[in-house]
Amino acid sequence: MIFSSIDFNEDEPIYLQIENYIKNMINNNMVVANGKLPATRELSRILGVSRNSIITAYENLEDEGVVYTVKGKGTFISPSKSKTEEGWQISWNDKVNNYGKLALELDIVKSEIPWEKNLISFKSISPDGELFDMEEFKKAFLNRISIEGHKLLNYGYAKGYKPLMEYLLEYMKSKGVDIEGKDIIITNGFTEGLEMLCEAYTSPGDKIICENPTHNTSIKIMKVHGIEVVGVKMNEDGIDILELEEKLKDNKIKFGYLIPSYHNPTGIVLKGEKRFEVYNLFKKYNVPIIEDGFNEELLYNSTHVSPIAALDKGGSGVVYIGSFSKILFPGIRVGWLLADKEVINILESVKRCKNIHTSFLDQGILYEYLRSGAFEKQIKKVRKSYKERYEFALKCINKYVNPKFIWGEGGLHIYIGIEGITGRELLNRCYKKGVIFTPGDVFSMDNAGDYTLRLGLSRLSLKEIEKGIKIIGEELKN
């Protein structure tokens with residue numbers, strides 16, 4: 001109650017003391033603009049003073065523009081027209097730590113050319129929202145709410161929503177993964193899974209080995225945790241085996257981070273035999289693998305290739321991070337991490353330190369959607385759509401561009417090498433013509449990606465794809 005501390009004196013009229021009190025509350029931001037004051041009769045009763053004193057105070061304040069009256073509704077605080085004094089200023093930039101500084105420095109959403117209307121943007125590899133199965137999603141929402149009721153809206157468990165966890169364990173089993181001795185935790189997408197591992201199992205100065213180039217967000221997460229990222233060059237068939245062994249042998253490596261299916265940004269799908277070679281090298285040097293199951297479900301150019309985690313029969317050397325973000329609904333931010341039970345036990349406690357649990361409502365809806373069989377239909381639909389865009393883009397690249405190489409086997413993007421101009425210089429030229437893409441340098445630990453670029457296809461029509469690639473080709477020739 002804003003009038004609880006008013007203390008009347010005998011030297012000034014009551015109405016004037018009430019006026020000054022209200023002004024003081026406004027100046028100290030103790031009341032909000034357009035906030036309603038008590039009715040005159042009510043305030044008279046509360047303060048134990050004449051109602052006429054309240055009426056006079058309100059009238060005088062209204063004359064000064066401090067308050068205003070709405071007939072039949074009451075008296076309200078007027079919006080402040082100016083600040084009477086400078087507010088308390090803190091130099092927050094002087095207080096930010098290394099994590100915050102690095103996060104800002106590595107934030108390509110802020111540093112790269114932003115999307116604008118009328119731009120043809122090859123930057124995004126987010127799924128096409130027009131392909132979302134909204135009717136099935138609505139059914140999943142209503143069905144799960146009718147079953148669980150208020151439980152989905154209350155606090156949940158750090159490890160996750162049990163029916164979804166059980167579904168995903170069986171899902172990983174269907175991929176050939178031995179789930180004996182394993183457990184699962186639900187995360188806010190892939191990024192939280194990787195970050196929790198870094199928080200729980202690395203210290204500043206530790207080294208993680210990965211493909212070079214690799215997922216920009218993963219590089220950022222590792223760097224903000226003070227991790228040294230050791231890159232291994234990529235060939236057309238994936239990570240270079242000889243260089244990988246050299247660096248595993250000569251460095252004290254804490255983890256390996258790999259994207260074997262539809263690698264981001266190259267789009268390469270590591271063949272089964274080579275997966276086995278890679279797995280055995282990490283096993284030889286006793287370096288655990290963090291496997292990013294990026295886009296695994298989009299494989300449409302060959303039969304299913306088992307994840308590296310499936311090679312780890314009876315072992316605990318592979319941590320698998322999965323997500324349906326690129327084929328279902330990335331906005332609900334649900335991913336999972338499958339690992340040895342001891343790892344999940346630690347990560348469960350880390351999760352409670354971060355955000356208690358991933359939204360149970362989101363997990364419940366996703367489970368119902370997966371359980372209903374809609375997922376299988378959705379995969380077929382998106383595979384067909386993205387395959388059409390990918391194959392059309394390949395034709396356009398071969399027609400309009402003369403690339404040094406084209407890497408990738410499908411999915412949501414194509415990775416190409418260029419000559420004579422860096423990807424970033426080409427981007428700046430194309431931007432002037434209304435086309436943007438992601439230059440390869442953001443995925444690289446050195447200058448190896450300078451003459452490359454990634455073209456995301458998932459959010460563009462065939463017409464936009466052709467027009468955009470034609471402009472890229474023209475600028476390369478110029």
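Worth pointing out:
- Heavy-atom accessible surface of the range 14-77: percent carbon and sulfur, 1.4 Å: 48 percent
- Selection from V67, N98, N478 lying farthest towards where the dipole of the chain points positive, charges on Cβ: N478
- For the chain, the longest principal axis of the alpha carbon atoms and the long axis of helix 272-284 meet at an angle near 70°.
- R0 of 22 Å, Cβ-Cβ distance N27-E64: FRET efficiency to nearest 0.05: 0.95
- Placing +1 on the Cβ of every Lys and Arg and -1 on the Cβ of every Asp and Glu, with nothing else charged, gives the range 14-77 a dipole about its Cα centre of roughly 320 debye.
- On Cα atoms only, tilt of 341-354 relative to the major axis of the chain in degrees: 30 degrees
- Note that the range 26-40 has calculated 3J(HN,Hα) couplings of 5, 4, 8, 6, 8, 10, 9, 4, 6, x, 8, 8, x, 4, 4 Hz, one per residue in order, obtained from phi through the Karplus relation 6.51 cos²θ - 1.76 cosθ + 1.60 (θ = phi - 60°); glycine and proline are x.
- Calculation over all alpha carbon pairs of the range 22-178 in 10 angstrom steps from 0 returns a P(r) of 7, 15, 13, 16, 22, 17, 7, 2, 0 percent.
- Two numbers describe the Cα atoms of the range 14-77: Rg and Dmax, which are 10.8, 29 Å.
- Close amide H pairs (under 5 Å, H built 1.01 Å from N) link V319 with I289, I290, E291, residues at least 5 positions away or on another chain.
- Percent of Cα pairs exceeding the 23 Å cut-off, where the set is the range 218-320: 23 percent
- Within the full protein context, the accessible area of W407 is estimated at about 40 Å² for a probe radius of 1.4 Å.
- Computed about its Cα centre, the charge dipole of the range 133-374 is approximately 500 debye, with only Lys, Arg, Asp and Glu carrying charge at their Cβ.
- Partners of K173 within straight-line reach, counting lysines whose Cα lies under 18 Å from its Cα and excluding those fewer than 8 residues away in the same chain: K162, K182, K313, K341.
- Helix 423-432 vs. the chain, principal-axis angle (Cα, 0 to 90°, nearest 10): 50 degrees
- Cα centroid separation - the range 21-61 against the range 211-242, whole Å: 65 Å
- By accessible area, using a 1.4 Å probe on protein heavy atoms only, the range 265-352 has 52% of its surface on carbon and sulfur.
- Selection from C396, G315, N34 lying farthest towards where the dipole of the chain points positive, charges on Cβ: C396
- Over all distinct Cα-Cα pairs of the range 279-395, the Kirkwood formula returns a hydrodynamic radius of 16.7 Å.
- Partner lysines whose Cα lies under 25 Å from the Cα of K110, excluding those fewer than 8 positions away in the same chain, are identified as K95, K101, K123, K220, K223, K326, K354, K432, K433.
- Computed about the Cα centre, the dipole magnitude for the chain is approximately 1300 debye when only Lys and Arg (+1) and Asp and Glu (-1) carry charge, each at its Cβ.
- 5 Å binning of all Cα-Cα separations within the range 133-374, expressed as whole percents from 0 upward: 1, 6, 14, 18, 19, 17, 12, 7, 4, 2, 1, 0
- Per residue, the accessible area of the chain comes to 51 Å² when a 1.4 Å probe rolls over the protein heavy atoms.
- Amide H within-cut-off set for T187, under 5 Å, with H built and near neighbours excluded: G335, W336, L337
- Convex hull volume per residue for the chain, taking Cα atoms only, in Å³: 223 Å³
- Cross-link reach is defined here as a Cα-Cα straight distance under 16 Å, omitting same-chain residues fewer than 8 places apart; for K23 the lysines meeting it are K36, K81, K83.
The values are calculated or read from the model by the stated rules, or taken from the named source; none is laboratory data. It should be emphasised that the depicted structure is a prediction, and the values quoted were computed from it without experimental measurement. Backbone-built Cβ (ideal geometry, glycine too); neighbour counts: all protein chains shown. Keep in mind that these areas ignore ligands, DNA and RNA; they rest on the heavy atoms of the full protein, side chains included. Shrake-Rupley method; radii C 1.70, N 1.55, O 1.52, S 1.80 Å.
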